[in-house]
1. Since ILE26 meets every condition but one in (1) part of a loop (DSSP other than H, G, I, E, B); (2) of a type in the set (A, V, I, L, M); (3) within 12 Å of the chain's Cα centre (by Cα), which condition does it not meet?
2. Under 19 Å from ALA113 (Cβ atoms), out of contact with any helix residue (DSSP H, G or I) (no Cβ under 9 Å at 6 or more places or on another chain) and not polar (S, T, N, Q): which single residue out of ARG19, ARG31, ARG11 fits that description?
3. So in the stretch 5-21, with the set limited to residues that are surrounded by 18 or more Cβ atoms within 10 Å (Cβ to Cβ) and either in contact with a Leu (Cβ under 7 Å, 6 or more places away or on another chain) or at pLDDT below 95 (or both), which one is farthest from GLU108 (Cα to Cα)?
4. Checking SER92 against (1) surrounded by fewer than 18 Cβ atoms within 10 Å (Cβ to Cβ); (2) at pLDDT 95 or above; (3) outside any loop (DSSP other than H, G, I, E, B); (4) not hydrophobic (A, V, I, L, M, F, W, C), which test does it fail?
5. Can we say ARG11 is of a type in the set (Lys, Arg), in a strand (DSSP E or B) and in contact (Cβ under 8 Å) with a residue 12 or more places away in the chain?
6. Within the stretch 65-89, which residues are surrounded by 21 or more Cβ atoms within 10 Å (Cβ to Cβ) and either more than 21 Å from ARG31 (Cβ to Cβ) or hydroxyl-bearing (Ser, Thr, Tyr) (or both)?
7. Considering only residues of the stretch 97-123 that are touching a strand residue (DSSP E or B) at 6+ places or on another chain (Cβ under 6 Å) and modelled with pLDDT under 85, which is surrounded by the fewest Cβ atoms within 10 Å (Cβ to Cβ)?
8. Does the stretch 30-47 contain at least one residue that is in a strand (DSSP E or B), in contact (Cβ under 8 Å) with a residue 40 or more places away in the chain and surrounded by fewer than 16 Cβ atoms within 10 Å (Cβ to Cβ)?
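The values are calculated or read from the model by the stated rules, or taken from the named source; none is laboratory data. Predicted, not measured: the structure shown is a model, and the values here were computed from it. Cβ atoms come from the backbone with ideal geometry, glycine included; neighbour counts cover every protein chain shown.
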Amino acid sequence: MGDLASVVIGREDDAQVVRLAGEVDISNAPRLEVDISDAVPNDVAGLVLDLSDTAYLDSAGIRMLFELAQRLDGRRQSLALVVPAQSLIRHSLLVTEVEQAMGLHDTEADALAALAQYGQLRD
């Protein structure tokens, strides 16, 4: 994994939670996508990707998010992003309409609630 970003993986009920901190760009986005995707077991409703501490996300990072969402969707799982209103990357995500393809939430609790609801619809 690139030196620019760090990943912390955990689990909350029926969701995998990954906290991504630092910078995501073309040098590390492909590897981060594989590492994050591989960290999501098949028995969860989906992934909460917490970008609260992500300071930079270039076009490769945004592409990584869309590809993660697509990969998870193929496994009947959902992706919910945590991007607080004051986040440095929120504007970029809104401009690229990321919120239309995956959930964009202010808090991890909101994202977990959205995934729980998705899990109930899936069953």
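1. (3)
2. Just a single option satisfies the conditions, and that option is ARG11.
3. Here the answer is ALA5.
4. Just one mismatch for SER92, condition (2).
5. So ARG11 passes the test.
6. SER78, ALA80, VAL82, VAL83
7. Looking at the filtered set, the residue picked out is TYR118.
8. no
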